[in-house]
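Any read-out appearing in this document is the output of simple, stated calculations on the displayed coordinates, not a laboratory observation. Note that the structure is a prediction, hence the values are computed from the model and not measured. Here the Cβ positions follow ideal geometry from the backbone for every residue, glycine too, while neighbour counts run over all protein chains shown.
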Amino acid sequence: MSETAIAPGSLLSVEDLSLAEIASILQRASELAAMPHRERAGLLAGRTAALLFYESSTRTRTSFELAAKSLGVTTTLVSDKSSSIEKGESLKDTGLTLRSLGAECIVLRHPASGAPYVLARTTGLPVLNAGDGTHEHPSQALLDLRTMLTHLPGRADDAIHAKTLAGSTVLITGDILHSRVARSNAMLLPRLGARVVLCGPPELLPEDALGLGEGVSIERDFDRALAQADVAMMLRIQRERLVGLELDILAYIAAYQLTEERLAAAKRSRDHELLVMHPGPMIRGLEITDAVADGPRSAIVEQVRHGLEVRRALLLRALSPDFGERIA
Ligand code: CP
């Protein structure tokens with residue numbers, strides 16, 4: 001079978017989205033959240049989506065599945081651990097099989113960067129990238145944006161333009177090298193006027209991370225970085241991707257763990273409260289303490305709810321040709 005064009009409604013990278021499309025997705029997320037359950041469940045009744053996961057996931061998989069079900073979509077989960085993928089079936093053949101069985105959209109998580117492009121071109125179906133290797137996690141960046149808009153003073157989720165986050169600094173700390181979340185956020189947030197500061201040791205944050213583009217800089221000193229930030233987004237050390245890299249975990253904790261003491265010092269230096277975020281899964285006691293993760297500045301649990309709401313809008317966009325029209 002020859003390759004086809006990428007289907008409208010796909011989301012493979014945050015770069016696929018104009019600011020107007022981002023505004024439309026966030027607005028739809030709010031409309032769908034406010035809609036009575038019964039009405040919402042009729043929007044995509046009779047439609048079918050496949051969740052194709054080659055890597056473990058709790059938040060992304062569950063929120064896509066619950067989002068789909070809440071819109072009336074029939075879902076099927078295919079995991080690499082319990083399918084013919086274990087027998088060596090290719091991504092292409094798995095995708096074509098799901099399409100033959102009636103899938104109209106595929107949500108894909110895959111360890112190889114670029115895999116969603118292969119699946120989108122071979123199946124012709126809308127594909128939603130649920131995280132590909134160290135490349136991108138675009139729905140995570142959208143839910144992170146929605147969380148920030150809820151908390152940062154003077155912002156509203158229906159006002160998306162080049163200055164929506166002007167004057168805000170988002171600090172992303174940790175394993176930047178392997179983080180698709182960092183990449184998607186660093187690509188998206190400067191387009192809305194935010195300054196993105198990356199922080200971490202050279203092993204996890206090489207200088208060429210600056211290749212991420214305008215509006216993105218590096219600050220190695222965590223306390224200096226916190227003093228400038230409005231948002232502190234902490235990242236997990238991805239042990240599964242650290243092959244061949246020796247990291248002194250105790251030294252890392254001393255230099256980069258987000259603690260109450262560090263938050264208090266940042267507040268004293270600029271008289272402002274930070275918003276604490278983490279895409280999950282967290283390793284408590286490593287990049288973040290219990291007290292901060294569960295503390296009053298933490299939006300971590302809220303991020304998960306935003307994930308459900310944003311992913312509803314993404315599924316509606318993938319499966320509904322009239323997505324651009326208001327539904328409420
Ligand atoms: N944030 C995130 O992608 O979490 P999961 O790996 O649990 O989906």
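Just grab the label-to-label distance for Glu39 and Ala264, each label 7 Å out from Cα along the Cβ direction, in nm (one decimal). If labels sit at Glu39 and Ala264, their model points lie 4.9 nm apart.
Put simply, the amide H of Ala130, placed in the peptide plane, has neighbours under 5 Å in Leu108, Arg109, leaving out anything fewer than 5 places away on its chain. Convex hull volume per residue, computed on the Cα atoms of segment 181-328, equals 156 Å³.
Considering only the chain, what is the antiparallel percent among its DSSP beta bridges, to the nearest 5?
Taking every DSSP beta bridge within the chain, about 5 percent pair in antiparallel fashion.
Any idea what the relative contact order of segment 189-328 is, in percent, if you count C-alpha pairs under 8 Å spaced at least 6 apart? Computed value for segment 189-328: 20 percent relative contact order. Counting only DSSP H runs of at least 4 residues, each contributing -39500 (n - 2.57), and dividing by the residue count of the chain, the helix-based mean residue ellipticity at 222 nm comes to -11500 deg cm²/dmol.
Net charge dipole, the chain: roughly 760 debye, given to the nearest 20, about the Cα centre with Cβ charges of +1 for Lys and Arg and -1 for Asp and Glu. Here the Karplus curve 6.51 cos²θ - 1.76 cosθ + 1.60, taken at θ = phi - 60°, turns the phi angles of segment 276-290 into couplings of 9, 10, 7, x, x, x, 8, 10, 4, x, 10, 7, 8, 8, 4 Hz, with x standing for Gly and Pro.
Evaluated at q = 0.11 Å⁻¹, the base-10 log of the normalised Debye intensity for segment 85-231, with identical point scatterers placed on the Cα atoms, takes the values -0.51.
Given an 8 Å cut-off on Cα distances and at least 6 residues of separation, report the relative contact order of the chain as a percent.
21 percent
In terms of its alpha-carbon gyration tensor, segment 203-266 comes out oblate; a/c meets the 1.5 threshold, while b/c is at least as large as a/b. Under the convention that each Lys and Arg Cβ holds +1 and each Asp and Glu Cβ holds -1, the size of the dipole of segment 5-56 around its Cα centre is about 320 debye. Starting from the Cα of Glu55, move 7 Å in the Cα-to-Cβ direction to define the label point; list residues of segment 278-318 whose amide nitrogen is under 13 Å from there. What the label zone holds, given the 13 Å backbone N cut-off, is 280-281. Working note: Cα gyration tensor of the chain, eigenvalues times five, square-rooted, sorted largest first, giving semi-axes of 33, 23, 17 Å. Here the Karplus relation 6.51 cos²θ - 1.76 cosθ + 1.60, evaluated at θ = phi - 60°, turns the backbone of segment 52-64 into coupling constants of 10, 10, 9, 9, 5, 6, 10, 5, 5, 5, 5, 5, 4 Hz, with x for every Gly and Pro.
Using the Cβ-Cβ distance between Asp223 and Leu245 with R0 set to 35 Å, the FRET efficiency works out to roughly 0.90.
Take every DSSP beta bridge whose two residues both sit in segment 73-204; close to 10 percent of them are antiparallel.
In whole Å, how far is the Cα centre of segment 261-284 from that of segment 35-66? Using only Cα atoms to place each centre, the spacing works out to 32 Å.
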